[in-house]
Amino acid sequence: MHASTVRQLVRRLCLASGLALSACFMTGSAGASDDQIKLTPAVVEKFIAARAELTALAADLAKKYGDRSDTPGDDPVASLPAFQDIAEAKTRIDAVLSKYEFKDLDALDVVTNSVMLAYQADVPDNNGAADNAQSDPDADKAKARAEIEADQSLTPEKKKEALQQLDEQFASLQALTPLPGNAEVVKPFLDRLKPIAEAN
């Protein structure tokens with residue numbers, strides 16, 4: 001596999017994994033972060049507006065009830081589930097979610113996952129090249145598999161190991177690939193989504 005291909009795969013895995021982990025901690029369940037929805041511009045607008053209000057609310061709740069984030073510097077919205085046992089806090093959180101048509105924090109988590117996966121697919125890497133969200137993972141995997149199989153410097157055991165790792169990496173990558181069309185929906189919002197992505 002060429003260095004640039006590996007770099008792009010690793011970058012996508014790391015960024016998306018970090019965002020997915022943040023989403024997992026937000027809801028407290030790994031399963032919710034596996035879900036995605038088909039995005040529309042209206043959903044992305046509501047997400048951005050809700051995040052702004054929820055970030056301010058999280059800061060206010062932290063002042064009033066103490067910081068409940070797992071780690072200092074965490075995304076403040078990720079701490080909101082820790083306030084659910086306080087009636088006044090829950091009421092305020094639910095009011096913001098309802099205002100933007102999110103049923104609950106789990107519904108927000110699914111949208112967060114969808115938006116952030118689409119965002120990371122369009123963000124340029126350090127060399128200025130954007131990941132190709134529309135690349136064909138099956139073709140990329142087949143190419144990488146062929147390169148491993150053709151590598152005469154690898155022993156049969158090392159080839160088997162490398163192929164197994166390749167399968168695992170592509171399985172992880174597939175779970176972290178945005179739904180078709182989501183990257184295009186998010187593209188006009190990249191500048192507004194950058195601070196949200198950086199908070200994660």
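The values are calculated or read from the model by the stated rules, or taken from the named source; none is laboratory data. These numbers were taken from a predicted model, which means no experiment stands behind them. Virtual Cβ from ideal backbone geometry, glycine too; neighbours counted across all protein chains shown.
Could you list, ordered by first residue, the pairs with Cβ atoms under 6 Å in which the first is in region 59-78 and touching a residue at least 24 places away in the same chain (Cβ under 8 Å) and closer than 24 Å to ASN113 by Cβ and the second is of a type in the set (S, T, N, Q) and in a loop (DSSP other than H, G, I, E, B), at least 6 apart or interchain?
ASP75/ASN200
Among the residues of region 143-200 satisfying the criterion of being surrounded by 12 or more Cβ atoms within 10 Å (Cβ to Cβ) and of a type in the set (S, T, N, Q), which is nearest to SER69 (Cα to Cα)?
ASN200
Do we have LYS141 as modelled with pLDDT of 90 or more, of a type outside the set (Val, Ile, Thr) and assigned to a helix (DSSP H, G or I) here?
On the way: modelled with pLDDT of 90 or more: no; of a type outside the set (Val, Ile, Thr): yes; assigned to a helix (DSSP H, G or I): yes.
The answer is no for LYS141.
Take the residues in region 70-103 that are modelled with pLDDT of 90 or more and part of a loop (DSSP other than H, G, I, E, B); name whichever of them is surrounded by the fewest Cβ atoms within 10 Å (Cβ to Cβ).
ASP85
Quick check on ASP125: is it modelled with pLDDT of 90 or more and more than 13 Å from the chain's Cα centre (by Cα)?
On the way: modelled with pLDDT of 90 or more: no; more than 13 Å from the chain's Cα centre (by Cα): yes.
Answer is no for this residue.
Step by step: first the residues of region 22-69, then only those that are in contact with a helix residue (DSSP H, G or I) (Cβ under 7 Å, 6 or more places away or on another chain), surrounded by fewer than 16 Cβ atoms within 10 Å (Cβ to Cβ) and modelled with pLDDT under 80, then the one that is nearest to ASP104 (Cα to Cα). Which residue is that?
Looking at the filtered set, the residue picked out is GLY28.
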